[in-house]
Structures are given as C-alpha cells and as structure tokens.
Amino acid sequence: MASDRIFGLVMLITAVAYIAAATQIQTNFFSGEFLPKLFPLMIGGVAALCSLSIMFKPDPDPDWPAARTWGAMAVAVAVLAVYAVMLTPLGFIFPTMIAAGVLSYQISPRVGPAVLSGIGLSLGLFVLFKYALGLGNIVAYRIPTAAKLWDAFAILIPFVGGH
Amino acid sequence: MDIFANLALGFSVALSPYTLFLAVCGCFLGTIIGALPGLGPSNGVAILIPITFTLGLDATSALVLMTAVYYGAMYGGRISSILLNIPGDEPALMTTLDGYPMAKAGRAGDALVLSGVASFVGALLATIGLMLLAPTLARVAFYFGPAEYFALYLLAFCTLGGMASNNQAKAALAACIGLGIAMIGVDSSSGLPRLTGGNLHLFDGIDFLVAIVGLFAIAEVFFFIESHGKGSSIGVKLEKVTIPWKDIMATKWTMLRASGVGFIAGILPGAGASLGSFLAYMTEKSVAGPKGGFGTGAAKGIAAPEAGNNSAAGGALVPMLTLGVPGSGTTAVLLALLMTLNITPGPTLFTERADVVWGLIASLLIANIVLLLMNVPMVKIFVKILSVPAWVLLPGVTMISFVGIYSLSGSYFDLLLMIGFGVLGYFLRKLDVPTVPVILGILLGGNMEDALRRAMTLSDGDVMYLFSSPIAIGFWIAAIAGFVAPMFLRGLLKKPEGHKD
C-alpha cells in the first residue's frame, strides 16, 4: 500500500515537472508554435492521471529486501559507477578485475570464488574481446596520471566534475 | 510463384559460408542464453547488439546472427524448465508444468527431445506463415496514413500494457515513461533541444540500447544480489538421450494445433510468445479433457507450449517487419537492432530491401534446422553449461554489457545512464510495473509523435482527422478493447503457478 502511494506521488511530481518543462520548449518558425509541445504535454497528462490512479488504488506492498541487502545493492551501484568512469583512464583489465570480484561477492559472499571470478573474468573477457572479436581499441590498458584519475573520479561528485 | 522467387533470392543471400557460420554461432549462443535462468532472450539479444555493431557486420549478417540468437533462445528456455523447474525465460513457464514432472519420472531425455521437436514444428510452421502473410500485410499497410499509424502505435501500447501487468494504470504509466524519455533531444523540425535541461550529453537523445541493457541486464544483477544467487537449485539428472518416436507421433496433431494458436497470438501486437505458449497449453488441456493427465508429465503438455511458444516467436516477427510494431519484448529489441542498422521496418521494407527481408526469412529456416540438429544430439552440452554458478555468470554478463555500451560512444555518460536505468528497472519490476512498455515507448516514441504531427499538419489542427478512416477507427476500438478487456478477463486468464515441491 505505502509503496504504491509513495511511487504514485513521486511519479506525479515527475509528471507535473515534465509538463512544466514541456510548456517551456523553445519553438521557431519551422516547427510552428504548438506542435513540438503537443505530444510531450499529452504524455505528461496521461502519466499524471496514471500516477493519481496508483496513489488512490494502490496494490499490496512487494517484499522489500532487508537492510543488509540494500547495503549490498548500494555497494554494487557505487562500484559500477566508479567502474564506468575509470574505464577510460585505467583501461579494461584492472577495473574489471575489481568490479567483477566485488559484484561476485555481493551475489555470493565467499572470498575465494569472488577473487577467482574477478581475475578469470577480466583476463578471459580481455582475450575474448581483443583476440576473438578484434575490439582491442576498446579494451586497451593504460597507465594513467594522478590528475587524470582525479578528473575521472570527479565526474561522480555533483557540481565538481563532469564535462 | 512470387514466394519461390523471393525465397531463392533469400537463400542466395543466406547460404554463403560466412552467414551459415554466423547462423550456427547464433543458434549456439541463443540456446545458452535461453537456457540460463536470469538471462532471457530480451536481455541476451540486447547485450549482443552493441557488440555486433562494433564488429562492423553488414545488415544481413547482423540480422542473421541476431535472429538465430532469438530463435535459439526460444529453444533454450525449455532446458532449465524441464531439468530445474525454473523457466529459462518467461515463455518457457508453461513447459515446467509437464516437463518437470516427466523429468522427475526418469524421462528427462525424452522430455528434452520431444520439446525440441515441438519447438522445431512450431518455428517451422510460423516461418512459413510469416512468408505467406507478411507480404500481404505489407501491401495493406501501404494505405496507412499518419492517422492510422498513430492509432496503430496506440493499439500496440494498449494490448501490450493490458497483457503485461495486473494494473492497467501501471502499464500505461510505463508506456508514458518510455515515450517521455523518447522526447528528450534535439527536435527534428525546429532544430532546438527539448527537455534536455541544458545537458549537452542529452542533445542526441537517450540511446535505446543504453535503456534496454540497463533495464534488462543491469536490473537482473540487483535481483540476483537480493536472492543471493539462490535459484540454482539441484535439478534432475540427465541419463541417456534417445528419440521417443512414440511420443512424437502421438503428439503430432497437438503440435500442429498449438502452432496455429501460437502463431495468431504472436501476430497480435504486444502479445508475444508468453501468451502463445499459454493459450496453446490451455487449448490442448481442454481438448484432452481431464483424462489427458495434464500437469503430471503428459507428452502433449510438453509439446503444446513449446510448439506454441516458438510459433508465436515467428508470428511476432510479422507486425515487427511489416508495420514496425513489435509483438513482444524480444522483437522490440530486434526492432532496436534494425534501427541501429538504419533499416526502417514497414511496408516499404519488402520492396526496397527485399534482400534483407528474404535473407532473414531464409536464415530463419536454416537456423531452425541447425537448432534441431544441435538440440537433439548435443543437448548434454547445454545441460553442462546450466551448471555455471550465478556468481560468475552475472558479473560476466554485466562486464560484457559495459563493454558493449562503452563501444557505442566511448562515453562514461552512457554507462552512468545505463546504471541509472538498471536501478529504475529494479524498482519498476519490484512495484509490478512492466518494463517492456518502457522499451517500446523509447523505441516508438519518435515515430508516434511524427505520425501525430503529420496528422495535425495535414488536417490543419483538426483532432477529428485522427478518427477519419474506418481502419483508424477500427484500431481505436481495438486499442480501447485491448486495454479494458484484461480487467474483466483477469480472473479467467490467471496464469497457473508452477509446481512447488
């Protein structure tokens, strides 16, 4: 019950914000005054109606995971986000080893198998991508400078990095 | 005969050694993807698209590879249904009902071979149906104007939404999320950015592959973290594999009927393979009556859903190729592939790119034969692969997804966006909001808006133009019926639960 009410409210706010943004869409002579806004406004309107319906006719709550599992998922998201920005400065092998190992540990918390799957996956996929599929330019390895590493990491910090 | 000439053209494209090699690779990969729980046809194909693209395959080769994967996944889903009582993908759910009891009774090999043959019959008949029906439908679709297309897209969302969720509001909201995302980017008529919030990365819009891989593959990782890799329960041992001729002969009419039912279910926009296998099973159950022994390991209970499921998979290609409206989640992903390759599905595809269409159809026929050969004698190899533990499989799939998306643009932004879609997908699925309408919305949003805008321009802003032709009115009525009917039919169409023991 409560889950759906919160979800409906969040989506309602999103829909209203979307409608507000749609009214601000810039137009010019070629597009006409109204046409670029029409469909986004319709989508926002339908979404708002659906959100209201979900708020007032909620389904039973799903089984949410326990606090520890939320923690494991948050770690997974953080690791993947760092992995995403580190792929460019550090190349494929080293970040993949860490990320695959941590993910493996989050799925099945045993150290040995996690280390093995980290090493195995990074080297195995490297060989697969570089030699079998010829994607060497994507999985190249690099030795970065500290400044480049910081630049990449700063992308994840709001208002500091990002280009 | 037109068809034979076209088919000859198709085989001339598809029978080169290179494309044959791709078809065999695709079938093998597809069967594995279908068989592994947690890696269904939609996310399997989605992960492979960027890699195919980076390999620089031409349009025909890429299509051959991916449709082989698609058909292969439909075959593969049954393996874990029968041996582990876990459907490898959603359409294989119905196969657990009789497949697992039969395997427990010591006839796992028979069940696998029988379901393989049923898959072959279903897929073969559906491919023939596709050959006969698609060109006709393409000729009809020539007369569709913007009003008809707008109503058709609406119909796809309504029927898909009606089937996909237990709550119509959630299904409609899912479609709106997808459509809303599709609007982001530079508007083609004014050349000005829309809804980007000034972020330069968003000017090109959000790539649908990023959304698909995030919603399907990355979200799956969170589900596995939640379940801690359980679900890889101990299954039934497979002793030796022989061909159960008696069962195959006894179920021949079942296979034919189920193929027909499945094909029709597949053609309906938005319905897809799950509905096909469900309807085929229910039809055969009522034909056989209570003496049929359905649910206790009946041969017909294995043949019907597998023939229906594979036939629906072929049927779902009909609206996708002729109208550009996919009939299921996986065909939506295949549509994404076509768009990536700059091929616009629709009636003109059959005249302008006849080589692509008929090459595709010929390769489906080839893939089907390869799959039968692969799935009967080699089934033991696939059973071995099933024992790959989740703690290797899921990180591996994630890393492949990252490399695939990274290879598209080389930008960290797409990767972060993909993780965002993964988190979104987890919450949506938890809250019983279907994710396939989101994908369909992102894919079709641009075309749907384009149809609406052209209709408004042609009619000088008259809304009644949208209801001005009998075809358009028919689509509107079907759309409303497709959206409303499941509310009343829900009790009737309730999916039976798998065996718990």
remark   = Scanning segment B:261-313 residue by residue, those among the polar types (S, T, N, Q) and under 16 Å from B:P87 (Cα atoms) turn out to be B:S274, B:S277, B:N309, B:N310
inquiry  = If I filter segment B:52-66 for residues that are aromatic (F, W, Y) and within 13 Å of the chain's Cα centre (by Cα), do I get at least one hit?
reply    = no
request  = Check segment B:344-363 and report whether any residue there is touching a Pro at 6+ places or on another chain (Cβ under 6 Å) and either of a type in the set (D, E, K, R) or surrounded by 24 or more Cβ atoms within 10 Å (Cβ to Cβ) (or both).
outcome  = no
inquiry  = If a residue counts only when it is within 12 Å of another protein chain (Cβ to nearest Cβ) and under 21 Å from the mean Cα position of the chain (by Cα), which helices (runs of 4 or more DSSP H) contained entirely in segment B:395-491 have at least 2 such residues?
reply    = B:412-430, B:436-458
request  = Could you tell me whether segment B:178-186 includes any residue that is at the interface with chain A (Cβ under 10 Å from one of its Cβ atoms), without any contact (Cβ under 8 Å) to a residue 40 or more places away in the chain and over 30 Å from B:A481 (Cβ atoms)?
outcome  = yes
Enumeration of residues in segment B:408-436 that are farther than 22 Å from B:T330 by Cβ and either touching a residue at least 12 places away in the same chain (Cβ under 8 Å) or among the small types (G, A, S) (or both) = B:S409, B:G410, B:S411, B:F413, B:D414, B:L415, B:L417, B:I419, B:G420, B:V423, B:L431
key: segment A:100-151, residues that are over 30 Å from B:L55 (Cα atoms), buried (at least 21 other Cβ atoms within 10 Å of the Cβ) and either of a type outside the set (A, V, I, L, M, F, W, C) or in contact (Cβ under 8 Å) with a residue 40 or more places away in the chain (or both)   = A:Y105, A:Q106
remark   = Looking across segment A:23-57 at residues that are modelled with pLDDT under 90 and in contact with a strand residue (DSSP E or B) (Cβ under 8 Å, 6 or more places away or on another chain), the single one that is surrounded by the most Cβ atoms within 10 Å (Cβ to Cβ) is A:P36
inquiry  = Against the condition β-branched (V, I, T), assigned to a loop (DSSP other than H, G, I, E, B) and at pLDDT below 85, how does B:I248 come out, does it pass?
reply    = no
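With the structure loaded, tell me whether B:V113 is of a type outside the set (D, E), within 14 Å of B:N309 (Cβ to Cβ), at pLDDT 85 or above and part of a helix (DSSP H, G or I) or whether it fails that test. Let's see the steps before the verdict.
Details: of a type outside the set (D, E): yes; within 14 Å of B:N309 (Cβ to Cβ): no; at pLDDT 85 or above: yes; part of a helix (DSSP H, G or I): yes.
Against the criterion (of a type outside the set (D, E), within 14 Å of B:N309 (Cβ to Cβ), at pLDDT 85 or above and part of a helix (DSSP H, G or I)), B:V113 does not qualify.
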ask   = Of everything in segment B:82-95 that's within 14 Å of B:A307 (Cα to Cα) and either touching a helix residue (DSSP H, G or I) at 6+ places or on another chain (Cβ under 6 Å) or of a type in the set (S, T, N, Q) (or both), which residue is modelled with the lowest pLDDT?
value = B:P91
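The values are calculated or read from the model by the stated rules, or taken from the named source; none is laboratory data. Predicted, not measured: the structure shown is a model, and the values here were computed from it. For neighbour counting, all protein chains shown are included, and Cβ atoms are generated from backbone atoms with ideal geometry for every residue, glycine included.
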